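The values are calculated or read from the model by the stated rules, or taken from the named source; none is laboratory data. Nothing here was measured: the structure is a model prediction, and the numbers come from that model. Reconstructed Cβ throughout: ideal geometry from the backbone, glycine too, with neighbour counts over all protein chains shown.
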Amino acid sequence: MRRTEQRQGLRLMKFEEVYGRTHRGVLSQGEAAEVLGVSERTFRRWRDRYEAEGAEGLYDRRLGRVSARRAGVDEVARVLALFDTRYWDFNAKHFHEKLVTAHGIKRSYNWVRLTLQAHGRRRAAPRRGAHRRKRPRRALPGMMLHQDGSRHEWAPGREWDLIVTLDDATSEVYSAFFVTEEGTMSSFRALREVIRERGLFCSLYTDRGSHYWRTPEAGGKVDKDTPTQVGRALHQLGIEHIAAYSPEARGRSERMFATVQKRLPQELRLAGITDMAEANRFLEEVYLPDHNRRFATPPEAEGSAFVPFAGALEDILCVQEDRTVSGDNTVRYKGRSLQIPAGRHRHHYVKVKVRVHEYPDDTLAVFHGPRRLAHYQADGTPLETQTRKAA
């Protein structure tokens, strides 16, 4: 017996009891309607039908009939065929969106979910326990940003790292791109994209990866007195660096990656993309605008904590290493010999302390204080010689 039939039987039993008390004058019509939880007019209609037809008059005649809105066999078959041939790795929510936007099927998400479950394409999700209390969001965009990487098989047979930078206040993704391996340069690239587009922000929340923090003991506290290249750059920019000590602490990033991992690989498969450059183009032009439209949350307050930045950003978001100039007026850096050309104010820089900058595009530069002495290609070949002040 279905639940609706059980409830109908219980309602009939209760009505018969209340009707008998009303018939004996124990209850008024208003009191009887209140006991049944209906209006007095509805009680009178039920009474008249009961007296005219008996218990049969109170049965819901809709039970046992096929709904006029029930989907036809052809429509169900079409939905299942689409799932089996094109969308077999999509979850129910993602599949429903494709049915509506790409195939003109206007059924509800719940209908799609139940149809997939009824025909063995998807299992019902297990009942969730009590959800952990979420940390309150920051009030304004730009007060705190999260940055993290996720290694995953994003395209068939291709494992890449996805580097994502998102806002704590809104979960809007400001920067996302694929790289072969997460590291210092990928962090610099993401920070450069955000600062150029939005401006300086207040704090950056990251895990304790070796390119973010130095950790003397595995699983222990980070060493805030010995910054990494990323830590040094954030300090120069005046951005607070916050270390996370558990995956739960990075909950907003973890939930975002869980969503992206269930959607982006399927979209790349449908588009036939297996090349990293094409995947990055698709990510920027197609996926991210749609993702932010669907999942970003409006901020709690009006305004923004971003501050415009003016300066040589590339000379901050780079690897900086101190060196001493050799006797032949060259600097040794990672197996390369960087020749310093003679300057206008002195003929050589032998034994002078200089600073080598390695940029994300693999080019190099040698600085003496704020003055750039030379710029080099990745193999150490000079590009130019000029005087320029660093920020």
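Taking the criterion of being surrounded by 12 or more Cβ atoms within 10 Å (Cβ to Cβ) and part of a strand (DSSP E or B), would at least one residue in region 183-192 satisfy it? No - not one qualifying residue is present in region 183-192. For region 329-356, the candidate set comprises residues that are out of contact with any strand residue (DSSP E or B) (no Cβ under 8 Å at 6 or more places or on another chain) and of a type outside the set (Lys, Arg); within that set, the residue that is farthest from Leu373 (Cα to Cα) is Gly335. Each residue in region 304-348 was checked for being surrounded by fewer than 17 Cβ atoms within 10 Å (Cβ to Cβ) and outside any strand (DSSP E or B), and 20 of them qualify.
Just wondering, is there one or more residues in region 186-208 that are touching a residue at least 60 places away in the same chain (Cβ under 8 Å) and in contact with an Asp or Glu (Cβ under 6 Å, 6 or more places away or on another chain)?
Yes, some residue in region 186-208 is touching a residue at least 60 places away in the same chain (Cβ under 8 Å) and in contact with an Asp or Glu (Cβ under 6 Å, 6 or more places away or on another chain).
Take the conditions among the aromatic types (Phe, Trp, Tyr) and closer than 25 Å to Leu270 by Cβ and apply them to Trp88. Does it pass? Show your work before the answer.
Values: among the aromatic types (Phe, Trp, Tyr): yes; closer than 25 Å to Leu270 by Cβ: yes.
Yes: the conditions hold for Trp88.
Filter region 242-284 down to the residues that are assigned to a loop (DSSP other than H, G, I, E, B) and aliphatic (A, V, I, L, M), then identify the one that is nearest to His152 (Cα to Cα). If we take residues in region 242-284 being assigned to a loop (DSSP other than H, G, I, E, B) and aliphatic (A, V, I, L, M), then Ile273 is nearest to His152 (Cα to Cα).
Would you call Thr85 among the polar types (S, T, N, Q), modelled with pLDDT of 85 or more and under 30 Å from Arg294 (Cβ atoms)?
The answer is yes for Thr85.
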